[in-house]
Amino acid sequence: MTVFKLLSRTKLYWGLIAIFLIGVLGSPMSSKGNNIFLSYGNLLDVLRQVSTTGLIATGMTAVIITGGIDLSVGSLMAICSVVCAMLLTVPGVTPGVVLGVPTVALVALCLGFVVTRFIFQNLAKSRAGADLLREIKLDGIRGLVTPAVVGVVLCCLSLWFLLPQIEPKFGVLGVLLVAPCVGLLFGALNGFIIVAGRLQPFIVTLAMMVTALGIARLTAGQNNAVLPVYTGSNATADFEILRSLVFGIIPMPGLFFLGAILIYGAVLRFTPFGRYVYAIGGNEEAARLSGIAAGRVKIVTYAVSGLLAGIAAVLYVAQYRQGKPDAGAGLELDAIAAVVIGGTSLMGGRGSLTGTFCGVLIFGLLSNILQLHNINSNLQLVLKGMIIIGTVLVQERNAGDLLAYLRLPGGQSAHKETAAAKRPSQETPSLNLGGNKK
């Protein structure tokens with residue numbers, strides 16, 4: 001492998017290192033002469049601030065790899081933040097309870113049914129002695145009765161856990177169960193409409209973005225633009241744990257973000273589901289003809305995106321001590337930008353959560369550098385937009401084409417190299433099926 005190819009394959013990491021070095025070398029100094037950018041507190045703040053966007057970007061990565069897009073995640077986070085804050089601070093039956101508790105029951109019922117049936121399907125496939133993509137017909141007991149019983153049991157257990165918390169107010173575990181389930185339900189609804197209605201993801205998620213925003217405002221009420229959450233006062237003191245440092249080292253939101261990246265990254269890399277995600281993004285029709293249940297895979301990716309938006313909402317409430325209907329305004333754009341900076345193609349079929357992790361950190365470090373230098377917030381937006389465009393040009397290897405189009409120095413040769421890389425090989429290797437012949 002040549003040095004050029006090695007640099008090309010690792011350019012994302014070099015970009016992250018370059019941003020970090022810029023922050024170190026250009027950092028202002030404290031009154032004691034210490035580098036503010038390198039201070040432990042500043043780096044912790046960066047990780048804490050990027051965690052919410054990072055969770056959203058984690059779910060968005062799989063959606064974009066399938067060739068889709070999810071514009072509703074910001075509004076889903078907003079509605080989940082309203083539900084979370086209402087459950088924490090208002091006792092009794094509230095709109096948050098009416099929306100959240102039945103949702104958990106429905107999600108538990110469906111998950112119990114689907115997971116149990118999935119297990120029986122895979123056991124039947126393994127006994128058949130072949131890795132079959134097509135479904136194996138199950139008998140009535142394993143295909144319907146047992147999954148239904150498991151779903152009902154999970155539904156009853158969730159209600160048994162949640163119903164006693166309605167009157168006194170919900171605790172940490174309660175909101176960590178309810179808010180993600182609300183996000184998961186809306187995300188799964190996105191996927192179902194896209195698959196069943198054969199509609200463009202852009203249109204469906206755009207409609208869901210508006211709908212979820214309206215539901216969030218209706219849930220909060222006309223007089224509640226912001227629902228304040230004060231741990232130890234109008235909310236349980238245990239909720240403060242979501243703001244704390246784990247072992248005094250890493251902030252709790254960062255732990256959630258890193259856990260989501262590692263778990264979902266392992267799923268996409270090492271499981272058949274991950275291979276199906278990439279196959280659908282590469283060529284959905286071919287994946288469907290090969291036996292992959294493309295519709296189900298897409299529904300799951302949108303459901304997971306909504307689930308992670310719900311978790312991000314709980315962390316947002318803990319971090320900012322409030323829930324509000326516009327909590328996630330514009331967050332979907334930041335997440336998409338981080339995913340694209342990380343090398344995931346908007347055309348689908350290419351990308352990784354490792355790249356998304358780097359993209360989130362690049363975005364976070366850049367914001368931190370600009371804030372340390374007191375750059376005007378409007379100018380920050382301009383600089384971020386320019387950097388996003390430049391990064392995508394480099395990632396897609398179209399920078400040479402742009403320079404050639406503008407007739408700038410260095411553009412012509414780069415354009416020729418890009419064209420040569422894209423041009424199919426003139427020599428077609430022959431298939432030597434009969435062995436070497438002299």
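The values are calculated or read from the model by the stated rules, or taken from the named source; none is laboratory data. As the structure is a computational prediction, the values presented were derived from the model and not from experiment. Neighbour counts are summed over all protein chains in view; Cβ atoms, including those assigned to glycine, are modelled from backbone coordinates with ideal geometry. With ligands, DNA and RNA removed, areas are computed over all heavy atoms of the protein, side chains included. Shrake-Rupley method; radii C 1.70, N 1.55, O 1.52, S 1.80 Å.
Between Ala235 and Tyr230, the built amide H atoms are under 5 Å apart, and every one of these is 5 or more places off in sequence or on another chain. Note on Lys11: accessible area approximately 60 square angstrom, rounded to 10, probe 1.4 Å, nucleic acids and ligands left out.
Glu285 exposes around 100 Å² of accessible area when a 1.4 Å probe is run over every protein chain in place. In this structure the amide hydrogen of Gln322, modeled in the peptide plane, comes within under 5 Å of the amide hydrogens of Val229, none closer than 5 places in sequence on its chain.
Considering only Cα-Cα distances, which of the following residue pairs are longer than 28 Å: Lys11/Lys32; Lys298/Lys384; Lys137/Lys298; Lys11/Lys324; Lys169/Lys324? Write out the running numbers ahead of the final one.
Values: Lys11/Lys32 36 Å; Lys298/Lys384 31 Å; Lys137/Lys298 23 Å; Lys11/Lys324 39 Å; Lys169/Lys324 18 Å.
From Lys11/Lys32; Lys298/Lys384; Lys137/Lys298; Lys11/Lys324; Lys169/Lys324, over 28 Å: Lys11/Lys32; Lys298/Lys384; Lys11/Lys324.
Rounded if a/c is under 1.5, else prolate if a/b is larger than b/c, else oblate: which is segment 313-373, with a ≥ b ≥ c the root eigenvalues of its Cα gyration tensor? Please list the in-between numbers first.
Details: a/c = 2.39, a/b = 1.47, b/c = 1.63.
Oblate, because a/c is 1.5 or more while a/b does not exceed b/c.
Shape call for segment 125-236 from the C-alpha gyration tensor, a ≥ b ≥ c root eigenvalues: rounded (a/c under 1.5), prolate (a/b greater than b/c) or oblate? Because a/c hits 1.5 or more and a/b fails to exceed b/c, segment 125-236 counts as oblate. For the residues Cys80, Cys110, Cys155, a 1.4 Å probe over the protein chains yields an accessible-area ranking, largest first, of Cys110, Cys155, Cys80. 3J(HN,Hα) couplings calculated from phi for segment 242-251 with the Karplus curve 6.51 cos²θ - 1.76 cosθ + 1.60 (θ = phi - 60°) are, in sequence order, 6, 9, 7, 9, 6, 6, x, 10, 10, x Hz; Gly and Pro show x. Figure note: Thr301, Thr211 ranked by solvent-accessible area, largest first, 1.4 Å probe, ligands and nucleic acids not counted: Thr211, Thr301.
How much net charge surrounds Pro253 when only other residues with a Cβ under 15 Å from its Cβ are counted (Lys, Arg +1; Asp, Glu -1)? Before the final figure, lay out the partial values.
Working: positive: Arg48, Arg243, Arg321; negative: Asp45, Glu240.
With Lys, Arg at +1 and Asp, Glu at -1, the net is +1.
Summing charges over neighbours of Tyr276, with a neighbour being any other residue whose Cβ is under 11 Å away from its Cβ, gives +3 when K and R count +1 and D and E count -1.
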